[in-house]
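Heads up: the structure comes next, in structure tokens.
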Amino acid sequence: MDTLVSSRTWRQGVLTDDDVTPDELVVAARDADTLVWIDLLAPSATDLGEVADQLGLPATAVEDALGPKERPKLIRHESHLFFTVYAVDPNATPGELGFSRISGWMMPHALVTIRLDDRFTMDAVVRRWEESPELLREGAGALVHGLLDVVVDGHFDAIGTLDDTLEQLEDALFEDRPTGAPVARQAYTLRKDLVALRRVVLPMREVVNGLLRHPASDAPVLRPWYDDLYDHVLRAAEWTESLRDLVTSAFETNLSLTDARLNTIMKKLAGWAAIIAVPTAITGWFGQNIPYPGFSEPLGLWLSVALIVVGVGVLYALFRARDWI
């Protein structure tokens, strides 16, 4: 089967086989002392149907795994438990946050993971399993915990990156330079990423909460680990919500600061216009074609200059005291 990427079996937490063939899969999955994991990458409906038939799963299992645009969820079936989660693509660029969908069939002693693309690798998950061999003795619940723990850690990394970007955005808002459209565009991009991330982070509470009520995760050894996982999911959800509110506040603050800067500019322009009006008025008065004190004499020139200097100086001092210029 070309879609079978990885497969492993454990017995009492010890790895016994890292290359399970389809024929060995059926025997291993029915052995109560053996824990089985197989990973399928972008399987067709036919290939997935064959695996489901070998494991004794109903046809609805294939529909759940390949259904388009599924949200993170957990569905209980008589023969198995089905879940779908989304991992964040670590190579995604700002404004184009990418996600990789991972689905799974969880049985008492077996886990089948179905990935629709290779943006999320199982290497980190396998390392997490290898670090806790004592948990693997508890069955498939340990495998699912390791997988979800890595996925949630990826959510935290993505949220942390967005948080750092938001802090840089907030610092740029109060710098003594124009912000305008670039900052507004960055805030919109950040908000778009947070909305996309929120759609996959918030439903994780339902997924983990459903697993907490499942017998496979209710073992005394696994229960604290699932409680800790649920706490991480809640923190990620709360962090996402708080960042969403902060982005909205940053966007509104940018608009307010833009208006304030515009008012300051208009105030300065009005002040300088008033100052410029003084020499304009005085030279216009002394430019009248009628006799006045000092007409056609040096006295008239010095009188106009003195009035201009005094008028401009008084207005400048008044506007400066009121922080208009």
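The values are calculated or read from the model by the stated rules, or taken from the named source; none is laboratory data. Everything quoted here is computed from the prediction, not taken from an experiment. Here the Cβ positions follow ideal geometry from the backbone for every residue, glycine too, while neighbour counts run over all protein chains shown. Only protein heavy atoms, including side chains, enter the accessible area calculation; ligands, DNA and RNA are left aside. Shrake-Rupley method; radii C 1.70, N 1.55, O 1.52, S 1.80 Å.
Give the residues of the range 28-51 that are touching a residue at least 40 places away in the same chain (Cβ under 8 Å), outside any strand (DSSP E or B) and open to solvent by less than 50 Å² (accessible area, probe 1.4 Å), sorted by residue number.
Within the range 28-51, A28, A29, D31, P43, D47, L48, V51 meet the criteria.
How many of the residues making up the range 52-90 are in a helix (DSSP H, G or I) and either surrounded by 16 or more Cβ atoms within 10 Å (Cβ to Cβ) or within 32 Å of the chain's Cα centre (by Cα) (or both)?
The number of residues fulfilling the criteria is 8.
Is it the case that some residue within the range 18-27 is surrounded by fewer than 18 Cβ atoms within 10 Å (Cβ to Cβ), part of a loop (DSSP other than H, G, I, E, B) and touching a residue at least 60 places away in the same chain (Cβ under 8 Å)?
There is no residue in the range 18-27 that is surrounded by fewer than 18 Cβ atoms within 10 Å (Cβ to Cβ), part of a loop (DSSP other than H, G, I, E, B) and touching a residue at least 60 places away in the same chain (Cβ under 8 Å).
I need every pair where a residue in the range 195-214 that is farther than 13 Å from G98 by Cα and free of Cβ contacts under 8 Å to residues at least 60 places away in the same chain has its Cβ under 7 Å from the Cβ of a residue that is open to solvent by less than 10 Å² (accessible area, probe 1.4 Å) and not polar (S, T, N, Q), sequence separation at least 6 or different chains.
V201/H155; V201/A236; V201/A237; L202/A237; R205/V233; R205/A237; L212/Y226
Taking helices (runs of 4 or more DSSP H) that do not extend beyond the range 131-248, which have at least 3 residues that are over 25 Å from S6 (Cα atoms) and either open to solvent by 60 Å² or more (accessible area, probe 1.4 Å) or out of contact with any strand residue (DSSP E or B) (no Cβ under 8 Å at 6 or more places or on another chain) (or both)?
Fully inside the range 131-248 and qualifying: 140-173, 180-201, 204-212.
As an exercise: evaluate E170 against (1) farther than 30 Å from T264 by Cβ; (2) of a type in the set (D, E, K, R); (3) under 21 Å from the mean Cα position of the chain (by Cα) and give the number of the one condition it does not meet.
(1)
Six or more apart or on different chains, Cβ atoms under 9 Å: show the pairs whose first residue is in the range 100-129 and without any contact (Cβ under 8 Å) to a residue 40 or more places away in the chain and whose second is assigned to a loop (DSSP other than H, G, I, E, B) and of a type in the set (K, R).
These pairs meet every condition: S100/R119.
From (1) in contact with a helix residue (DSSP H, G or I) (Cβ under 9 Å, 6 or more places away or on another chain); (2) more than 25 Å from A42 (Cα to Cα); (3) among the charged types (D, E, K, R), pick out the condition that doesn't hold for R128.
(2)
Applying the selection to the range 1-14, what residues are in a strand (DSSP E or B) and exposed (fewer than 15 other Cβ atoms within 10 Å of the Cβ)?
V14
Does any residue of the range 65-83 turn out to be in contact with a Gly (Cβ under 9 Å, 6 or more places away or on another chain), more than 18 Å from A29 (Cα to Cα) and aromatic (F, W, Y)?
Within the range 65-83 (the criterion being in contact with a Gly (Cβ under 9 Å, 6 or more places away or on another chain), more than 18 Å from A29 (Cα to Cα) and aromatic (F, W, Y)), the answer is yes, since at least one residue qualifies.
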